[in-house]
1. Kindly check whether there is at least one residue in the stretch 267-288 that is in a helix (DSSP H, G or I) and among the β-branched types (Val, Ile, Thr).
2. Residue check: is GLU112 out of contact with any Ser or Thr (no Cβ under 7 Å at 6 or more places or on another chain) and either charged (D, E, K, R) or modelled with pLDDT under 95 (or both)?
3. Which condition does PRO221 not pass, out of (1) in contact (Cβ under 8 Å) with a residue 24 or more places away in the chain; (2) touching a Gly at 6+ places or on another chain (Cβ under 8 Å); (3) assigned to a loop (DSSP other than H, G, I, E, B), if it passes all the others?
4. Those residues that are under 20 Å from LYS201 (Cβ atoms), in contact (Cβ under 8 Å) with a residue 12 or more places away in the chain, out of contact with any Gly (no Cβ under 7 Å at 6 or more places or on another chain) and open to solvent by 20 Å² or more (accessible area, probe 1.4 Å), I need them from the stretch 61-92; list them, please.
5. Where the second residue is among the hydroxyl-bearing types (Ser, Thr, Tyr) and not in a loop (DSSP other than H, G, I, E, B) and the first is surrounded by 14 or more Cβ atoms within 10 Å (Cβ to Cβ) and lies in the stretch 32-47, which pairs have Cβ atoms under 8 Å and are six or more apart or on separate chains?
6. Need pairs with beta-carbon distance below 6 Å; first residue open to solvent by 60 Å² or more (accessible area, probe 1.4 Å) and within the stretch 310-331, second in a loop (DSSP other than H, G, I, E, B); sequence gap 6+ or separate chains.
7. Check the stretch 187-194 and report whether any residue there is closer than 17 Å to THR7 by Cα, open to solvent by 70 Å² or more (accessible area, probe 1.4 Å) and either assigned to a loop (DSSP other than H, G, I, E, B) or in contact with a Ser or Thr (Cβ under 8 Å, 6 or more places away or on another chain) (or both).
8. Taking the condition surrounded by 19 or more Cβ atoms within 10 Å (Cβ to Cβ), of a type outside the set (S, T, N, Q), closer than 17 Å to TYR81 by Cα and free of Cβ contacts under 8 Å to residues at least 40 places away in the same chain, does TYR131 pass?
Amino acid sequence: MNQITVTSPLLPNLDEFNEMLKEIWKSKWITNMGQFHIQLEKALCDYLKVPYISLFTNGTLPLLTALQALRITGEVITTPYSFVATTHSIWWNGCRPVFVDIEESTCGIDPEKIEAAITPKTTAIMPVHCYGKPVNMDAIQAIADKYGLKVIYDAAHAFGVEVNGESVLNRGDMSTLSFHATKVYNTLEGGALVMHDEQTKKRIDYLKNFGFAGETEVVAPGINSKMDEVRAAYGLLNLKQVDAAIEKRHLVAIKYREALRNVPGIRFFDDMPDVRHNYSYFPIFVKAEEYGKTRDQLYFEMREQGVLGRRYFFPLISTFSTYRGLPSAAPDNLPVATRIANEVICLPMHHQLTDEDIERTLNCILK
């Protein structure tokens, strides 16, 4: 029995990739903002409808660099319901994460809980577009404007997501993306930082290249986080097929929803009005008293059947040893996030799922 994985990487055509590799070998320019790096930044700006983008070697370094570029200090309000890189980036910059509970409707940070968490030391908010579901950006920006705070969106899940035709990446002060192999769009490993003006783009490009502004001039204490030419070439090819992959994911989501719509104790997200979704994940939430099994019982039964869902995100970041001593990490402060983390299973969701794969996955839940 084959295993059905929770995700599968989008891979470019190998013959086309080999032709681009030949160009790289011929030029002998394999890193330091070569031709494919430049082409990919331009192509992503066009595809994502953003003015400026800077490529990185993974999705964590843009988070670290955004905080550096905006000179964030003190406390940063964020969500406990995310991948650990979100909070780790705050910690690595010498700032203190302050956790705020989430909304059940999006699994994103609850704007109504943000103001109560603001102190004189608060300098920024770092929300997450969890599962690619846009958070309430208008409410978050209103709070940020009221208190003079920066907003950095962790948009690792939100590649191509739009609201009323506008990219969610254009909101806040900056947005970060992950191009990890598990994402809708990938460059093997990779990431990007989206900004709104040319001067900020220059500063980011300095920071990701040791701070060099020229051959002999270093203007900032930067690090090395540039994307190489091989991954940029891979990314250019994947950009040509990502829309088709997203549509295949959409069809999987439709089948899941049709089958699970009336199952007691199983909740899932429907599409949001006026939102272009990327169908990066398909989380379900298991209410044991209605479904008859706990989330973990179902999760391990699925694994026995070779269906590898993922409890994403469990456990909460706030429960890890580095953070659990923070006052904001107390479970009483995070009741919705704590409950959701104990209910969630992300079902297999990718462009290569067959009808048989979908049926096997659903049968685990429906039996």
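The values are calculated or read from the model by the stated rules, or taken from the named source; none is laboratory data. Since we're looking at a predicted model, the values are computed, not measured. Because the Cβ atoms are built from the backbone with ideal geometry, glycine has one as well, and the counts that use them run over all protein chains shown. With ligands, DNA and RNA removed, areas are computed over all heavy atoms of the protein, side chains included. Shrake-Rupley method; radii C 1.70, N 1.55, O 1.52, S 1.80 Å.
1. Going through the stretch 267-288, the residues in a helix (DSSP H, G or I) turn out to be 288.
From what's left, among the β-branched types (Val, Ile, Thr): none.
Looking for residues that are in a helix (DSSP H, G or I) and among the β-branched types (Val, Ile, Thr), one finds none in the stretch 267-288, hence no.
2. Details: out of contact with any Ser or Thr (no Cβ under 7 Å at 6 or more places or on another chain): yes; either charged (D, E, K, R) or modelled with pLDDT under 95 (or both): yes.
For GLU112, the condition - out of contact with any Ser or Thr (no Cβ under 7 Å at 6 or more places or on another chain) and either charged (D, E, K, R) or modelled with pLDDT under 95 (or both) - is met.
3. (1)
4. The answer is LEU64, GLN68, LEU70.
5. GLY34/SER27; GLN35/SER27; GLU41/SER54; CYS45/TYR52
6. Partner pairs satisfying both residue conditions: ARG310/VAL6.
7. Checked the stretch 187-194: at least one residue is closer than 17 Å to THR7 by Cα, open to solvent by 70 Å² or more (accessible area, probe 1.4 Å) and either assigned to a loop (DSSP other than H, G, I, E, B) or in contact with a Ser or Thr (Cβ under 8 Å, 6 or more places away or on another chain) (or both).
8. Judged against the criteria, TYR131 is not a match.
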